[in-house]
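Chemist: After the structure tokens below, expect a handful of questions from me.
The values are calculated or read from the model by the stated rules, or taken from the named source; none is laboratory data. These figures come from a predicted structure and were not determined experimentally. We place every Cβ from the backbone using ideal geometry, glycine too, and count neighbours over all the protein chains shown. For accessibility, only protein heavy atoms count, side chains too; no ligands or nucleic acids. Shrake-Rupley method; radii C 1.70, N 1.55, O 1.52, S 1.80 Å.
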Amino acid sequence: MRIETLNDDEGARRWDAWVGPRARTVTDLSAWRIVVREAYGLGSHLLVAVDDEGMTRGALALYEVRHPLFGHYLATAAFANDGGLYHEDPRARDLLLPEAKRICAERRASYVVIRTPGEDLPGFTPDHRYHTAVV
């Protein structure tokens, strides 16, 4: 299994084809990266874990934020409560999470926030103070 970064229009189509059926909110779709880039100037990283047959097994969207109070950090689901990490194989998750930390170090960000409900992630400290309300 390997990690690929999706940057172009074809990558956006691949992202939406795999993430779209799993998405809980519009913030998980590739168009959201255009919205936050144009409205707020946030950069993004769309990562997928691909198996040896070329099938996507996981996806992670990261947005690079520079905030006057919270500093420079990477986060999934910009302006949303959860989302941004999807996987159907724990091996995909276990490749995507270290890649998020690597990008964080490369970009000289202070930390990474992965907003995913109901799952404590290996190598990350959970913060159980936040909850999503569903009607």
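Chemist: For region 10-37, name all the residues that are under 18 Å from ALA92 (Cβ atoms), in a helix (DSSP H, G or I), within 14 Å of the chain's Cα centre (by Cα) and not acidic (Asp, Glu).
Modeler: Within region 10-37, TRP15, TRP18, VAL19, GLY20, ARG22 qualify.
Chemist: Another question about this same structure. Does ASP94 satisfy being surrounded by fewer than 19 Cβ atoms within 10 Å (Cβ to Cβ), in contact with a Pro (Cβ under 9 Å, 6 or more places away or on another chain) and modelled with pLDDT of 85 or more?
Modeler: Numbers: surrounded by fewer than 19 Cβ atoms within 10 Å (Cβ to Cβ): yes; in contact with a Pro (Cβ under 9 Å, 6 or more places away or on another chain): yes; modelled with pLDDT of 85 or more: yes.
Yes: the conditions hold for ASP94.
Chemist: Taking region 58-84 on its own, how many of its residues are open to solvent by 10 Å² or more (accessible area, probe 1.4 Å), closer than 20 Å to ALA12 by Cβ and not small (Gly, Ala, Ser)?
Modeler: 2
Chemist: Still on this structure: Only one of VAL112, VAL65 is more than 26 Å from ALA17 (Cβ to Cβ) and under 15 Å from the mean Cα position of the chain (by Cα). Can you tell me which?
Modeler: From the options VAL112, VAL65, the qualifying one is VAL65.
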